[in-house]
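Accompanying notes for the structure given below.
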Amino acid sequence: MAARILTVAAAQLGPIQRAEPRGVAVARMVALLERAHRRGVELVVFPELALTTFFPRHYHEDRAEADRWFETAMPSNETAPLFAAAKRYGIGFHLGYAERVQEADETGVVRTRYFNTAILVGPSGDILLKYRKIHLPGHAEYDPARKVQHLEKRYFEVGNLGFPVIRAPMGGLDGLNMGMMICNDRRWPEAWRVLGLQSVELVALGYNTPSINQDAKGFEAHHLRVFHSHLSIQAGCYQNACFAVATAKAGTEDGCELFGNSIIVNPQGEIIAAASTWDDELVTADCDLDLCTLGRTTIFAFDRHRRPEAYRRIVDQVGAVAPETWSGERE
Ligand code: CDV
């Protein structure tokens, strides 16, 4: 049987400043798609909120002022060149953006809703899958203790699409199981496992992670920020026997440093390609999807080894509770 190899790219973006129009970011992304085409890439992954600056760092007291960061159509006039280039080259892509939509909520009321969204677009230009970020970090109100705000909880609702996986043709492959995450999701093993339980083979994930922990709740060494990002992605890939293409926005944006360090990881948890700049950079790798088989037929053969009856707390409980206290006596 022929090897199932997909050539992928993490299309890291350097900073996008607050005043820059979407057209500038789109032109840079089209240039990366052209470069990807020259290198024989079949799937390109762009970062989270790839069309603008990472605007949740900016406080708008009037929530409506933030509407300008959101897309109301995809594709739109401004993003159409991206879809056209991908179609021209027969390349699929993953794109993160802020989505504003008129949609019924869980009570059936149609209202304006806001999500931190990513789409997976096939080589024909069709949207194959949509994901809305579930693990929203940060806070909803202005926090005077922080030098830089992180207002994702102000500007977005929690995603309502779960963690979907789609099997679709990509590049030279008749079918590939693909799922998505957005930034903070990568730190949550539950997210990886929900994708793993749908036999995901490749996870596309974009992020914007500041180099400095702005939470003002204790010291976190800079190098550990990158380590924790890589640790989470490598563990997720190993424990769910899948590849990940993890793409950052990098460099100094509106005076705030984003750490970059985009990586491509294989099902053994190894980094097989990594960014070396804080700029627009195309990081590529050939992914042999048959490498997913080893993990999922041995240590992580879920059907044989998982014990969901012992995992009830994972879905029944949100916060941690205190354990029972030992009632014996100390010597
Ligand atoms: N955009 C993000 O989700 N960023 C978070 C930061 C706030 C820690 C992340 O997990 O990288």
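The values are calculated or read from the model by the stated rules, or taken from the named source; none is laboratory data. What you see is a predicted model, and the numbers here were worked out from it, not measured in a lab. Don't worry about glycine lacking a Cβ; one is built from the backbone with ideal geometry, like all the others, and counts go over all protein chains shown. Each accessible area value is taken on the protein alone, full model and side chains, heavy atoms only, with ligands, DNA and RNA left out. Shrake-Rupley method; radii C 1.70, N 1.55, O 1.52, S 1.80 Å.
Computed quantities for the displayed model
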| item | result |
| --- | --- |
| Total formal charge among the other residues, if their Cβ is under 14 angstrom from that of Gly175, Lys/Arg +1 and Asp/Glu -1 | -2 |
| Net charge of Cβ neighbours under 15 Å - reference Trp278; Lys, Arg +1; Asp, Glu -1 | -3 |
| For Met74, solvent-accessible area (1.4 Å; no DNA, RNA or ligand), Å² | 40 Å² |
| Extension gain (nm, one decimal) between Leu224 and Leu197, 0.36 nm per residue minus Cα-Cα | 6.8 nm |
| Computed E for Asp303/Asp105 - FRET, C-beta separation, R0 30 angstrom, nearest 0.05 | 0.25 |
| Set of the range 56-99 residues, backbone N closer than 20 Å to the point 7 Å along the Cα-Cβ line of Ala27 | 76-86 |
| Efficiency of FRET between Asp62 and Asp286 - r from beta-carbon atoms, R0 45 angstrom, step 0.05 | 0.40 |
| Under-5 Å amide H pairs with Ala250, H placed in peptide plane, nonlocal only | Leu13, Gly14 |
| Out-of-range pairs (alpha-carbon distance over 24 Å; input Lys130/Lys217; Lys87/Lys133; Lys130/Lys153) | Lys130/Lys217; Lys87/Lys133 |
| Other-chain or far-sequence residues with amide H under 5 Å of Ile182's (modelled H) | Ile134 |
| Span per principal axis, largest first, for the Cα atoms of the range 132-208 (Å) | 52, 22, 18 |
| Amide H within-cut-off set for Leu128, under 5 Å, with H built and near neighbours excluded | Leu120, Val121, Gly122 |
| Solvent-accessible surface ranking, highest first, for Lys217, Lys87 at 1.4 angstrom | Lys217, Lys87 |
| Three-way shape label, the range 237-312, alpha-carbon gyration tensor, a/c 1.5 | oblate |
| Taking all pairs of distinct alpha-carbon atoms in the chain, Kirkwood radius in angstrom | 20.6 Å |
| Stretch gain in nm, segment Thr72-Asn213, where the contour uses 0.36 nm per residue and the Cα spacing is subtracted | 47.6 nm |
| Student exercise, the chain dipole from Lys, Arg, Asp, Glu Cβ charges, in Debye to nearest 20 | 320 debye |
| Solvent accessible area, Å² - Leu129, 1.4 Å probe, full protein context | 20 Å² |
| Positive-end residue of Asn213, Ala9, Gly108, charge dipole of the chain with Cβ unit charges | Ala9 |
| Among 9-18, 240-249, the order from most to least packed when residues are scored by Cβ within 10 Å on average | 240-249, 9-18 |
| Sum of side-chain charges, Arg132 neighbourhood, beta-carbon under 10 Å (Lys, Arg +1; Asp, Glu -1) | +1 |
| Förster radius 41 Å - calculated FRET efficiency between Asp254 and Glu329 (Cβ-Cβ, nearest 0.05) | 0.10 |
| Accessible area of the chain belonging to carbon and sulfur atoms, whole % at 1.4 Å probe | 54 percent |
| For the chain, built as a Gaussian network whose Cα springs stay under 10 Å, the top-fluctuating residue of Ala27, Ala320, Ala140 | Ala320 |
| Accessible area in square angstrom per residue, the chain, 1.4 angstrom probe | 47 Å² |
| Ordering of 51-59, 104-112, 30-38 by packing [mean C-beta count within 10 Å, highest first] | 51-59, 30-38, 104-112 |
| Given charges at beta-carbon only (K, R positive; D, E negative), |dipole| of the range 75-161 in Debye | 240 debye |
